[in-house]
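Notes to accompany the following structure.
The values are calculated or read from the model by the stated rules, or taken from the named source; none is laboratory data. Predicted model, so just to flag it, every value in this text is computed and none were measured. Neighbour counts run over all protein chains shown; Cβ positions are idealised from the backbone, glycine included.
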């Protein structure tokens, strides 16, 4: 058994607590190389969480082999959809979720993320169709998106190679909570925070002339999560292709 | 616009579903990421520990972010320092505000060492809270979740993206993650373990008087919907120092 040197631990902690961080306000969160253990950045970010529902059941009740295949196809394709973006700052797997965090400063950038979300939602439809054809269990997923101004710092242990950015603010925690209630209790699969919805909706309307995107979302309010918008929106072309039998063109 | 090609995506999925996943049984796996070459996954005994901050949303929301940043840095740095001492770890990381470690645990003894690390972290938190209080800074509670199972390990993510995590599928990691949410809530002690973890460590000596089981009680877990085991075990000389000498 190892001995934790608590005297030194206390000294290390007090050094970090007394160390003044240089916090800079930026339009964009810089890339990870710019972070040290002594600086931090304030910027608007948008976080996306895709949560597999009842995943404990999925993980333990199915035969493990087919589960591993489902999870593999699930995570790698969703990462594929979410990753192609210069504004991406973090992407990964957390418990039962795939998550991505973007630095966003304009309505156009937020609409770009919304488009990815619709594509993820359509992808899940395709995945379930494929699973259904093979008589495998379906996946139910919830998608949560939230925008907020966050303080981003690097945490971890100096010299250990183990570190990550820590996102201090509402975006990540709310996106995670939205994803866990989405596609459950009567909610449709996609939940957008109020400010994310308001940021992207006009761009969405301009891109869908003759349609009424506002009618695709319903407005809700919960004490602990505030106001949010809920919908089940797909990428039209991708959707039609699935409905048409997923034929190679 | 993103160049996601759904026809290609469908092909990839069908390929994955058609590929014959051969699962290899192994005793233990290396913590060298490059050494992990199992293309199709391995099944092995796994232990997991998650350390989660209670009410972190509110803690982040209502306190000065710059102060929270320093607190998170100090907290994660020391927790990782403790976790890293255990040479059986295969992955340590931070996910949001949660610090976790996953271990290869071929022997019961390995799980008992993880429990001992959890006791260190539980005692550490008492010290950490005392330091914060002395400065007049806001404190927080933690929950420590422990899980054990024979689990499947696969490589997931996307080749060439730099995101190529090993994914641990099974009870140990999911249980530890869920139980870390329950520690220090509704009268449940900070350290919470699933039944597999408990069964393997209960008969080890906690000190020269009692076995581990003496310090552990059984409670009903809402999240797992089954009985789990919780404890507030500490490292005695560390705790004595925190109480008596740290003034």
_Subset of region B:46-61 [surrounded by fewer than 23 Cβ atoms within 10 Å (Cβ to Cβ) and touching a residue at least 40 places away in the same chain (Cβ under 8 Å)]_ = B:53, B:54, B:55, B:56, B:59
*Restrict the check to region B:127-139 and report whether at least one residue is touching a residue at least 24 places away in the same chain (Cβ under 8 Å) and touching a strand residue (DSSP E or B) at 6+ places or on another chain (Cβ under 7 Å).*
no
*Taking region B:77-129, which residues are at the interface with chain A (Cβ under 9 Å from one of its Cβ atoms) and more than 22 Å from residue A:164 (Cβ to Cβ)?*
B:113, B:116, B:123, B:127
*When only residues in region A:73-107 that are in a helix (DSSP H, G or I) and closer than 18 Å to residue A:31 by Cα count, which is farthest from the other protein chains (Cβ to nearest Cβ)?*
A:82
*Hey, does region A:215-223 have a residue that's closer than 28 Å to residue B:72 by Cβ, at pLDDT 90 or above and not in a helix (DSSP H, G or I)?*
yes
*Of the conditions (1) at pLDDT below 85; (2) in a helix (DSSP H, G or I); (3) in contact with a helix residue (DSSP H, G or I) (Cβ under 9 Å, 6 or more places away or on another chain); (4) farther than 30 Å from residue B:170 by Cβ, residue A:56 fails just one. Which one is it?*
(4)
*Within region A:9-33, restricting attention to residues that are under 23 Å from the mean Cα position of the chain (by Cα) and surrounded by 12 or more Cβ atoms within 10 Å (Cβ to Cβ), which residue is nearest to the other protein chains (Cβ to nearest Cβ)?*
A:32
_I want to confirm something. Restricting to region A:224-249 and keeping residues that are assigned to a helix (DSSP H, G or I) and out of contact with any helix residue (DSSP H, G or I) (no Cβ under 6 Å at 6 or more places or on another chain), which single residue is surrounded by the most Cβ atoms within 10 Å (Cβ to Cβ)?_
A:241
*Give the number of residues within region A:132-157 that are in contact with a helix residue (DSSP H, G or I) (Cβ under 7 Å, 6 or more places away or on another chain) and more than 7 Å from chain B (Cβ to nearest Cβ).*
13
*The lone exception for residue B:64 - which of (1) within 28 Å of residue A:42 (Cα to Cα); (2) crowded, with 19+ Cβ neighbours inside 10 Å it fails*: (2)
_For region B:166-247, give me every one of the helices (runs of 4 or more DSSP H) that falls completely inside it and has 3 or more residues that are at pLDDT below 95._
B:171-180, B:236-240
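Taking the conditions exactly as written (crowded, with 21+ Cβ neighbours inside 10 Å and at the interface with chain B (Cβ under 10 Å from one of its Cβ atoms)), does residue A:168 satisfy them or not? Give the steps one after another, and end with the answer.
Numbers: crowded, with 21+ Cβ neighbours inside 10 Å: yes; at the interface with chain B (Cβ under 10 Å from one of its Cβ atoms): yes.
Yes; evaluated as a whole, the condition is true for this residue.
Within region A:123-130, is even one residue touching a strand residue (DSSP E or B) at 6+ places or on another chain (Cβ under 6 Å) and either more than 11 Å from chain B (Cβ to nearest Cβ) or closer than 22 Å to residue A:167 by Cα (or both)?
yes
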*asked:* Checking residue B:176 against (1) without any contact (Cβ under 8 Å) to a residue 60 or more places away in the chain; (2) within 12 Å of chain A (Cβ to nearest Cβ), only one condition comes out false. Which one?
replied: (1)
*Can you name the number of the only condition in (1) away from chain B (no Cβ under 14 Å); (2) over 21 Å from residue A:114 (Cα atoms) that residue A:191 fails?*
(2)
*Does any residue of region B:146-159 turn out to be at pLDDT 85 or above and within 25 Å of residue A:5 (Cα to Cα)?*
yes
*Please find, among A:42, A:4, A:37, the residue that is modelled with pLDDT under 80 and farther than 23 Å from residue A:133 by Cα.*
A:4
*For residues that are under 24 Å from residue A:168 (Cα atoms) and more than 9 Å from every other protein chain (Cβ to nearest Cβ), scanning just region A:108-122, find the one that is surrounded by the most Cβ atoms within 10 Å (Cβ to Cβ).*
A:110
